[in-house]
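> Okay, here's the structure, questions in a sec.
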Amino acid sequence: MPLSKPMQEALNDQIREEFTAFYLYLSMSAHCEASNFPGFARWLRSQALEEQGHALRIFDYVQDRGGTVALQAIPQPAHQWPALLALFEQARDHERKVTASIHRLYEIAAAEKDYGSHAFLEWFLTEQIEEEKTSTQMVDTLRMAGDHPGALLMLDREAGARTAAEEGGGAE
Ligand code: FEO
């Protein structure tokens, strides 16, 4: 069964959302690198690549269903943040926004009786639970660290080490 027009449009919108997240995280990574937080920079760069993966997952799905991919413009992300806490609050808020848009996709899939898309979207729902949890934890620990340079450096090191372990490699 080919994709319905509303489903195809919503999936194309979601590709844009995922690339928007990719761009935002990449910009955040650059900011952290320039601010001497290489651990957070590495973590954010890894998040960016995950978002690119999400976009490509939908890109492939639209094509597998015989639909048309129509890429849209990606908004320019911010490139400066007053503090790490503000940066991670934006990341968490963005994840919440992505979750809401996945929920909207579910509603369209249900309205269109598109059970294939329903099954496809399940992976994203689970992924969003994890991403919201991780970004919320980042915000909470940064809030506890406050303005203490020692605590911030320790969290930076931890974020870098965790990313290296997840990527299965040591320091680059
Ligand atoms: Fe793909 Fe973090 O949303």
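> May I ask you to list the residues in segment 108-138 that are part of a helix (DSSP H, G or I), farther than 20 Å from A159 by Cβ and of a type in the set (D, E, K, R)?
Step one: of segment 108-138, the residues part of a helix (DSSP H, G or I) are 108-111, 115-138.
Retained after the next criterion (residues that are farther than 20 Å from A159 by Cβ): 108-111, 115-126, 128-129.
Residue satisfying the conditions is E122 alone.
> Of the conditions (1) open to solvent by 60 Å² or more (accessible area, probe 1.4 Å); (2) free of Cβ contacts under 8 Å to residues at least 40 places away in the same chain; (3) within 15 Å of the ligand (Cβ to nearest atom), N36 fails just one. Which one is it?
For N36, the failing item is (3).
> Right, next: Does at least one position in segment 56-73 carry a residue that is within 13 Å of the ligand (Cβ to nearest atom), touching a Pro at 6+ places or on another chain (Cβ under 8 Å), open to solvent by 10 Å² or more (accessible area, probe 1.4 Å) and not hydrophobic (A, V, I, L, M, F, W, C)?
no
> Let me ask something additional. Of everything in segment 49-100, what is small (G, A, S), under 20 Å from E33 (Cα atoms) and outside any helix (DSSP H, G or I)? Give them in sequence order. Explain how you work it out, then say what you get.
Start the filter on segment 49-100 by keeping residues that are small (G, A, S), which leaves 53, 55, 66-67, 70, 73, 78, 83, 86, 91, 100.
Among the residues that remain, those that are also under 20 Å from E33 (Cα atoms) are: 78, 83, 86, 91.
Answer for segment 49-100, where residues must be small (G, A, S), under 20 Å from E33 (Cα atoms) and outside any helix (DSSP H, G or I): A78, A83.
> Continuing with this model, one more query. Is it true that some residue in segment 139-146 is part of a helix (DSSP H, G or I), within 18 Å of A48 (Cα to Cα), away from the ligand (no atom under 15 Å from the Cβ) and not aliphatic (A, V, I, L, M)?
Within segment 139-146, none of the residues are part of a helix (DSSP H, G or I), within 18 Å of A48 (Cα to Cα), away from the ligand (no atom under 15 Å from the Cβ) and not aliphatic (A, V, I, L, M).
> Could you list, in sequence order, all residues of segment 115-136 that are more than 16 Å from the ligand (Cβ to nearest atom) and surrounded by 12 or more Cβ atoms within 10 Å (Cβ to Cβ)?
Filtering segment 115-136 down to residues more than 16 Å from the ligand (Cβ to nearest atom) leaves 115-119.
If the condition is that a residue be more than 16 Å from the ligand (Cβ to nearest atom) and surrounded by 12 or more Cβ atoms within 10 Å (Cβ to Cβ), then G116, S117, H118 are the ones that fit.
> Right, something else. Regarding segment 5-18, can at least one residue be identified that is part of a loop (DSSP other than H, G, I, E, B), over 29 Å from G160 (Cα atoms), more than 11 Å from the ligand (Cβ to nearest atom) and in contact with a Gly (Cβ under 7 Å, 6 or more places away or on another chain)? Give the derivation first.
We begin by selecting, within segment 5-18, every residue part of a loop (DSSP other than H, G, I, E, B); these are none.
Within segment 5-18, none of the residues are part of a loop (DSSP other than H, G, I, E, B), over 29 Å from G160 (Cα atoms), more than 11 Å from the ligand (Cβ to nearest atom) and in contact with a Gly (Cβ under 7 Å, 6 or more places away or on another chain).
> Any residue that is in contact (Cβ under 8 Å) with a residue 12 or more places away in the chain and more than 21 Å from the chain's Cα centre (by Cα) - is there at least one of those in segment 116-137?
So far as segment 116-137 goes, yes, one or more of its residues are in contact (Cβ under 8 Å) with a residue 12 or more places away in the chain and more than 21 Å from the chain's Cα centre (by Cα).
> Would you check if there is a residue in segment 2-23 being modelled with pLDDT under 95 and surrounded by fewer than 20 Cβ atoms within 10 Å (Cβ to Cβ)?
For segment 2-23, residues modelled with pLDDT under 95 and surrounded by fewer than 20 Cβ atoms within 10 Å (Cβ to Cβ): present.
Quick grid of which residues meet (1) touching a helix residue (DSSP H, G or I) at 6+ places or on another chain (Cβ under 9 Å); (2) open to solvent by 90 Å² or more (accessible area, probe 1.4 Å):
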| position | (1), (2) |
| --- | --- |
| K113 | no, yes |
| M138 | yes, no |
| T141 | yes, no |
| E166 | yes, yes |
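> Residue under question is L105, and the condition is that it be closer than 30 Å to K5 by Cβ, part of a helix (DSSP H, G or I) and either open to solvent by less than 60 Å² (accessible area, probe 1.4 Å) or of a type in the set (S, T, Y) (or both); does it hold? Let's see the steps before the verdict.
Details: closer than 30 Å to K5 by Cβ: yes; part of a helix (DSSP H, G or I): yes; either open to solvent by less than 60 Å² (accessible area, probe 1.4 Å) or of a type in the set (S, T, Y) (or both): yes.
Criteria met by L105.
> A further question on this structure: Quick check on segment 152-162. Is at least one of its residues within 30 Å of R65 (Cα to Cα) and either part of a loop (DSSP other than H, G, I, E, B) or under 19 Å from the mean Cα position of the chain (by Cα) (or both)? It would help to see each step written out before you state the result.
Initially, segment 152-162 is screened for residues within 30 Å of R65 (Cα to Cα), giving none.
Checked segment 152-162: no residue is within 30 Å of R65 (Cα to Cα) and either part of a loop (DSSP other than H, G, I, E, B) or under 19 Å from the mean Cα position of the chain (by Cα) (or both).
The values are calculated or read from the model by the stated rules, or taken from the named source; none is laboratory data. This structure is a prediction, so every number in the text was calculated from the model and none was measured. Methodologically, a virtual Cβ is constructed for each residue, glycine included, from the backbone with ideal geometry; neighbour enumeration extends over all protein chains shown. Surface accessibility is based on the protein's heavy atoms, side chains included, excluding ligands, DNA and RNA. Shrake-Rupley method; radii C 1.70, N 1.55, O 1.52, S 1.80 Å.
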